[in-house]
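Let me begin by presenting the structure, written as structure tokens, before commenting on it.
The values are calculated or read from the model by the stated rules, or taken from the named source; none is laboratory data. Owing to the predicted nature of the structure, the values given are computational and were not obtained by experimental measurement. Here the Cβ positions follow ideal geometry from the backbone for every residue, glycine too, while neighbour counts run over all protein chains shown.
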Amino acid sequence: MASKKSSAVKSKPARAARVKQAVKPASRRTVLPAPITPAEARTQLRELAMNLWWSWNEVARRPFAALDPVVWNATKHSPLATLAYAGEATLSAACEEPGFRLALADARAALAAEMSRETWWDREKRAANPKACIAYFCSEYATHESIQQYSGGLGVLAGDHLKSASDLGIPLVAVGLYYRHGYYIQQFAEDGSTKVLYPVYDRATLPISDTGHVIECPVGASTVRARILRMDVGRTRVFLLDADLPENAPEDRLLTEGLYKGEPHLRMRQQVLLGVGGMMALRTLGIEPTRIHLNEGHAAFAALEMLAEFRASGLSHQSAVLRVRAAGVFTTHTPVAAGHDRYGVDMVVAGLARTLAKGGISREELESLGREKPADVQEPICMTVLCLRLASRVNGVAKLHGEVSRDMWRGAYGVKKAKEVPIGHVTNGVHVGSWLDPRAAAFWKHECGIDAYASTPRNRAWRKAASADPAAFWAMRGMLRASVVRFARERLVRAATRRGDAPMAVEEFAGILDPNALTIGFARRFATYKRAPLVFTDVERLARIVGDEKRPVQFVFAGKAHPRDTGGQAYARKVFEMTRHPLLRGRVVLIEEYDMEVGRALVSGCDVWLNNPIRPHEASGTSGMKCPMHGGINCSILDGWWPEGFDGKNGWAIGDAKDAGFSEADAHGAGEARDLRDAESLYRLLEKQIVPDFYERGRDGLPKKWIRRALASASGIPDFFSTHRMVGDYAELYTG
Ligand SMILES: *Cc1c(COP(=O)(O)O)cnc(C)c1O
């Protein structure tokens, strides 16, 4: 796959590329790394494992995969678990292997080079902002599939934010909670109903250490002790609070039992621990943030704790509010009303009693900060309103979501016109290094000279994807599609054997799907507004599309509903039933247990990524951003990020592009008519464009039109819709 174009990049390598090159030629080294004892190897592997840098740098995963490939796969690619299960014999044998020693030495050298290199922040921002320190608060972080501390898109975005902050060198520390049970594990019963399992994780096999510090956080009448745990994500430190200590009362230990698990009262108290406890933890560690970034309203109490501190130091209410606002950055993540936590005033006053007392903050002052209309005695305290009042920089997560948010929060600002509402937008992105399949990265590098891992906010090299060799590109697509087919078979067989399905059914799963057929993916939380079953609106019409012998189409679904979301679980069940429908059987599959690994497999292998939420309920959505870097194409409602991403040539838009309006009544009242309209539009796209374009082959066997669209998608989307660009945008809010 050598190309004329790669020389252009070699002559002017980005810094990150230089670092990689300084490390990579190790495979061409003539001198092998020195012998190493098993004990030394264990120490070195443990050091590597304790920094999650491995989660987005394949070079640092290689020694673990080499140590024991079977255990590596069985532990969801957990370095520490792989190491824990490696006995002395395994380790001794590995140390005899030159390949293993080389992989270990390379990984260590790469991590050391990474930690000492000059970053974008060092070059561009540090001199003007020597003291900058951003404290980023979020209720969930998705960093890797072996660390199940996330439920979906919010956590994935936060995890990707941390990784990009590390790559760019942004001085950011993150604050969160450590959940003993994480989020739930999903299984489907024989009838497609969801089974909810809460495993207990062994923290010894997680790359999370104990700082030895304990805070005492006032939560209502209790003093909750929480230890401060630490997780290193490259350069970014993440501090997680764990209240599961024997000295706490049983109900207080529940505060960090599970993610989004409890009743509103428990949820509110969890948020006291996150916000108030999180600020206390930073103080305990001697960290002085210059900005606090509240990622979603869950973290609002961090700003309230800061307010109480300023008040306690003698500032007036107004001056203290101004000081907090000067530090506050707030990102709102949903236009769905139910997605904004609201708690009765009494509940909040009780939960924050000692914080309010410390700052001498009155009930009226709290109401004025947390209510849209402070004098409305019926109105509860809204976490989002608190954030709007206590942060001077507020943003939605896509251009359209910014507009919707301005309209939505007019009341909170007491203005009539949306344009008077000071909410902007920073469009979300994805962390390329975490989502890009290493085989695709090698393809772009060799074929087009694109360094997908460049550590700068923008990576305009992606433009060169447009000129990739069509035949080589199509071969890469075939390889990635074959991988997702293999992945699906393996997962389906695993689920079927666990359920005890009949042998014939298991056998069918082992050979299901066609690695050459047009493959359409849909994977995300099964929240109802995302409308997972939309494509099944007219089963017979769909059956004609997928069942065409000459032009077969197949769908791979995955998703997880919140354990209390019966509507979402009903959607999961509907999809499950459709996989068994006689007209669709074999062409529609549903993968059990949606997590980052499943997501990665699907976004890399699927030809088309389907996204059909109720507009404009998808604030951004990020799964679709993970496909173009693999040559996949989006077919989406013009919602969330897609109105910014779609240019008419790099994908497909479902529905009427002019349908821009939004009202709650519309979202619910006119639901069925809208669903029918959107389904009709989707079927027409499939029948008239998507399927014909995929199967229309030239004499060289290549689908020319398809490849042109896929390369337009790859050249135009990954640069802008990356968290490197996003974090670069936030850097302005962090310093300006
Ligand atoms: C990317 C990703 C998401 C986000 O999906 P959207 O619905 O497109 O926002 C959720 N969960 C996982 C595991 C992901 O990888």
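Taking the listed residues GLY182, GLY159, GLY192, GLY155, the one that is within 16 Å of the ligand (Cβ to nearest atom) and modelled with pLDDT under 95 is GLY182, with no other qualifying. ASP501 falls short on exactly one of the conditions (1) under 27 Å from ALA710 (Cβ atoms); (2) modelled with pLDDT under 95; (3) away from the ligand (no atom under 16 Å from the Cβ); (4) of a type outside the set (A, V, I, L, M, F, W, C), and that condition is (1). The condition of being farther than 19 Å from VAL219 by Cβ and either surrounded by fewer than 24 Cβ atoms within 10 Å (Cβ to Cβ) or among the hydrophobic types (A, V, I, L, M, F, W, C) (or both) holds for only one of ALA312, ALA308, ALA337, that being ALA337. Put simply, of GLY624, GLY605 the only residue that is in the same structural domain as ASN516 (by TED's automatic domain parsing), within 7 Å of the ligand (Cβ to nearest atom) and crowded, with 23+ Cβ neighbours inside 10 Å is GLY624.
Yes/no per residue for (1) assigned by TED's automatic domain parsing to the domain that holds GLY262; (2) modelled with pLDDT of 95 or more; (3) among the hydrophobic types (A, V, I, L, M, F, W, C):
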{"residue": "ASP538", "(1), (2), (3)": "no, yes, no"}
{"residue": "GLY559", "(1), (2), (3)": "no, yes, no"}
{"residue": "MET578", "(1), (2), (3)": "no, yes, yes"}
{"residue": "HIS581", "(1), (2), (3)": "no, yes, no"}
{"residue": "ARG585", "(1), (2), (3)": "no, yes, no"}
{"residue": "GLU593", "(1), (2), (3)": "no, no, no"}
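Restricting the search to helices (runs of 4 or more DSSP H) fully inside the range 622-736 and requiring at least 2 residues that are modelled with pLDDT of 95 or more gives 642-645, 671-685, 691-695, 704-716, 723-735. SER368 passes every criterion in (1) of a type in the set (S, T, N, Q); (2) within 28 Å of GLY645 (Cβ to Cβ); (3) away from the ligand (no atom under 16 Å from the Cβ) apart from (2). Among the residues of the range 490-505, are any under 27 Å from GLN689 (Cα atoms), of a type outside the set (Val, Ile, Thr), buried (at least 20 other Cβ atoms within 10 Å of the Cβ) and touching a residue at least 40 places away in the same chain (Cβ under 8 Å)? No, the conditions are met nowhere in the range 490-505. Where helices (runs of 4 or more DSSP H) fall entirely within the range 231-319, those with at least 3 residues that are under 17 Å from TYR178 (Cα atoms) and more than 23 Å from the chain's Cα centre (by Cα) are at 250-253, 264-272, 278-284. The residues of the range 568-601 that are within 16 Å of the ligand (Cβ to nearest atom) and either in a loop (DSSP other than H, G, I, E, B) or more than 16 Å from ALA523 (Cα to Cα) (or both), listed by number, are GLU592, GLU593, TYR594, ASP595. Do we find a residue being within 24 Å of the chain's Cα centre (by Cα), within 16 Å of the ligand (Cβ to nearest atom) and on the phi < 0 side of the Ramachandran plot anywhere in the range 56-71? Yes.
Only a single criterion out of (1) under 24 Å from THR334 (Cβ atoms); (2) crowded, with 23+ Cβ neighbours inside 10 Å; (3) touching a Pro at 6+ places or on another chain (Cβ under 8 Å) is not satisfied by ALA165, namely (3).
Quick one: would you say HIS401 is part of a loop (DSSP other than H, G, I, E, B) and within 22 Å of LEU157 (Cα to Cα)? Criteria not met by HIS401. Looking at ALA452, ALA466, just one residue is surrounded by fewer than 15 Cβ atoms within 10 Å (Cβ to Cβ) and modelled with pLDDT of 95 or more, and that residue is ALA466. Taken together, the residues in the range 561-577 that are touching a helix residue (DSSP H, G or I) at 6+ places or on another chain (Cβ under 8 Å) and of a type in the set (D, E, K, R) amount to 2.
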